[in-house]
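Below is one structure, written out as structure tokens, with a few remarks after it.
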Amino acid sequence: MVILINPSILESSFIPERLIARDAELTRIMETVIKPTKNGITTNLILYGDSGTGKTVTMRYLAREVKDPHVVYVNAIAYRYVKNVLIDFLSRFGIIVPERSSYASLFTRIESLLKDQGKNVILVIDEASNILKGDYDGLYYLFRSKDSFDVNISTIFVVMEDPAILFDSKIRKSYGMFGEMKFRRYTKNEIYQIVVNRALQSLVDGGYDDDVLDYIAEVSAEYGSARVGIDILAKAAHIAEYRRSAKISFDDVRAARSMISPFVTESKLASMDYEDLLVLLAVCRCLSSSKFTDLDCVSQNLSMISEQYGKRDINLYDRIRKLENNGMISATLEGQGRGEGVKKMISIYDVPVSILTERIENLLNA
Ligand SMILES: Nc1ncnc2c1ncn2[C@@H]1O[C@H](COP(=O)(O)OP(=O)(O)O)[C@@H](O)[C@H]1O
Ligand SMILES: [Mg+2]
């Protein structure tokens, strides 16, 4: 039985005909970036929000729909420098330059390109964290390109982190003015609409009931992520096909939901602040060779870790409660024998602790 007849509709490269529940955001980008740029006024915007809130698809949608100015989308996940982005940008117009070109020569190329095109340009840099955190020189050139090289280029940086924790106030000052815009998480109803729309285009008629789509939205709502919703839809369809059913069942949805936890871990990590991460790292250290741990162990490890990362006065109890609430860790209370009270036992079930440790260390050392 084939249920998923048009799989490309559920792939992340697909850009839908229209976006759901992002009208206000599109209008604001129109007013604050697109119109000014068209009129020769350059602006910079940081767009941020959790995984699956539609940042990438919205930018790629604009790149497709907006003709003047040009909106050029570059994914910078593999780039560390603004220079890499500019070289990528030029290559979109068929201009190939050596990796070692100077900023002056890159901007000279861009200046003459823009003259030829007769249009202004918005450069969208997706996955821009590394660049924003690390390439001060490149950003300096980029923001001064108008004065230094007469290049009119607006930039939209796309990241997951809140800009307030992405850079400190000193850097913020030296970078100058930035607009900020947050993409909030989707509600259950919004995810439902997105999933219905994709199901209509990708699945065979009769391969699902509305109830099942509603259930998918319900289990995805916790993450506020359209990506989770669409992923579960695709996986549930495969699972149904595999058991030779003509229709997706509730249990197919549950099975699909259980397969996405590594991704879910990523999005949870992205929503944590520095101190949460330090506490979670302490928990991981304690769990590296045991099933459960307790607050004594976590507290001991935390004092070493906080020394290493130069953070003091972390409220362990508050942080542990927060990690419990977002489902990162599980805690149970265990009796200590008569008159001894209870003790909090902490564990992690969803992800291998070794993998989690590595991810956290990457985030902390980034
Ligand atoms: N408003 C929306 N309307 C339709 N599809 C959406 C919408 N927002 C997100 N999606 C879809 O959800 C998935 C994740 O969105 P994406 O833009 O990659 O999220 P982000 O970049 O914020 O992590 C993609 O498949 C995207 O097409
Ligand atoms: Mg993205």
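The values are calculated or read from the model by the stated rules, or taken from the named source; none is laboratory data. The structure displayed is predicted, hence computed values, not measured ones. Here the Cβ is made from the backbone with ideal geometry for all residues, glycine too, and neighbour counts use every protein chain on show.
Tell me which residues, restricted to region 264-307, are more than 18 Å from residue 346 (Cα to Cα) and outside any helix (DSSP H, G or I).
Hits for region 264-307 are 271, 272, 273.
Return yes when residue 119 is over 30 Å from residue 225 (Cβ atoms), over 21 Å from the mean Cα position of the chain (by Cα) and at pLDDT 95 or above and no when it is not.
no
List every residue pair whose Cβ atoms lie under 8 Å apart, where the two residues are 6 or more positions apart in sequence or sit on different chains, the first residue falls within region 59-70 and is more than 16 Å from ligand 1 (Cβ to nearest atom), and the second residue, located anywhere, is part of a loop (DSSP other than H, G, I, E, B) and basic (Lys, Arg).
Listed pairs, sorted by first residue: 68/119; 69/119; 70/119.
Could you name every one of the strands (runs of 3 or more DSSP E) located completely within region 112-213 that has at least 3 residues being without any contact (Cβ under 8 Å) to a residue 24 or more places away in the chain?
Values: elements: 121-126, 153-159, 179-182.
Where strands (runs of 3 or more DSSP E) fall fully within region 112-213, none carries at least 3 residues being without any contact (Cβ under 8 Å) to a residue 24 or more places away in the chain.
Considering each residue of region 227-263, count those that are farther than 26 Å from residue 184 by Cα, outside any helix (DSSP H, G or I) and either in contact (Cβ under 8 Å) with a residue 12 or more places away in the chain or touching a Cys at 6+ places or on another chain (Cβ under 9 Å) (or both), and give that number.
Final tally of qualifying residues: 6.
Take the residues in region 1-36 that are more than 16 Å from ligand 2 (Cβ to nearest atom) and of a type in the set (D, E, K, R); name whichever of them is surrounded by the fewest Cβ atoms within 10 Å (Cβ to Cβ).
17
Tell me which residues, restricted to region 8-38, are of a type in the set (A, V, I, L, M), within 13 Å of ligand 1 (Cβ to nearest atom) and either without any contact (Cβ under 8 Å) to a residue 12 or more places away in the chain or in a loop (DSSP other than H, G, I, E, B) (or both). Steps first, please.
Of the residues in region 8-38, the ones of a type in the set (A, V, I, L, M) are 9-10, 15, 19-21, 24, 26, 29-30, 33-34.
Okay, now just the ones that are also within 13 Å of ligand 1 (Cβ to nearest atom), so 9-10, 15, 19-21, 24, 26.
Scanning region 8-38 gives 15, 19, 20, 21, 24.
When you look at residue 270, is it modelled with pLDDT under 90 and within 22 Å of residue 50 (Cα to Cα), yes or no?
yes
Among the residues of region 39-83, which ones are closer than 19 Å to residue 266 by Cα and part of a loop (DSSP other than H, G, I, E, B)?
Matches in region 39-83: 49, 50, 51, 52, 53, 54, 76, 77, 78.
Among the numbered criteria (1) within 16 Å of ligand 1 (Cβ to nearest atom); (2) out of contact with any strand residue (DSSP E or B) (no Cβ under 7 Å at 6 or more places or on another chain), which one does residue 101 miss?
The single condition residue 101 does not satisfy is (1).
Does any residue of region 91-103 turn out to be under 26 Å from the mean Cα position of the chain (by Cα), buried (at least 16 other Cβ atoms within 10 Å of the Cβ) and in a loop (DSSP other than H, G, I, E, B)?
The answer is no; no qualifying residue exists.
Any residue in region 332-339 that is under 32 Å from the mean Cα position of the chain (by Cα) and β-branched (Val, Ile, Thr)? Steps first, answer last, please.
Filtering region 332-339 down to residues under 32 Å from the mean Cα position of the chain (by Cα) leaves 332.
Of the ones still in play, those that are also β-branched (Val, Ile, Thr) are 332.
Scanning region 332-339 turns up at least one residue that is under 32 Å from the mean Cα position of the chain (by Cα) and β-branched (Val, Ile, Thr).
Pick from region 71-90 the residues that are crowded, with 20+ Cβ neighbours inside 10 Å and at pLDDT below 95: which of them is nearest to ligand 2 (Cβ to nearest atom)?
Ranking the candidates gives 76 first.
Identify, from the list 68, 50, the residue that is of a type in the set (Asp, Glu) and within 14 Å of ligand 2 (Cβ to nearest atom).
On the way: 68 fails: within 14 Å of ligand 2 (Cβ to nearest atom).
The match here is 50.
Is it true that some residue in region 50-66 is at pLDDT below 95, over 30 Å from residue 206 (Cβ atoms) and not aliphatic (A, V, I, L, M)?
For region 50-66, residues at pLDDT below 95, over 30 Å from residue 206 (Cβ atoms) and not aliphatic (A, V, I, L, M): present.
Do you know which of the residues in region 318-353 that are in a strand (DSSP E or B) and free of Cβ contacts under 8 Å to residues at least 40 places away in the same chain is surrounded by the most Cβ atoms within 10 Å (Cβ to Cβ)?
Applying the filter and picking the extreme gives 331.
Taking residue 310 as meeting all but one of (1) farther than 20 Å from residue 363 by Cβ; (2) in a loop (DSSP other than H, G, I, E, B), write down the number of the exception.
Every condition holds for residue 310 apart from (1).
Every residue, every condition in (1) touching an Asp or Glu at 6+ places or on another chain (Cβ under 9 Å); (2) more than 27 Å from residue 219 (Cα to Cα), yes or no:
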site	(1), (2)
310	no, yes
314	yes, yes
320	no, no
324	no, no
335	no, yes
341	no, yes
351	no, no
360	no, no
364	no, yes
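If you scan region 313-332, which residues turn out to be out of contact with any Leu (no Cβ under 9 Å at 6 or more places or on another chain) and basic (Lys, Arg)?
321, 322
Results for (1) modelled with pLDDT under 85; (2) in the same structural domain as residue 159 (by TED's automatic domain parsing); (3) of a type outside the set (A, V, I, L, M, F, W, C), shown as yes or no for each residue.
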position	(1), (2), (3)
232	no, no, no
242	no, no, yes
245	no, no, yes
266	yes, no, yes
297	no, no, no
303	no, no, yes
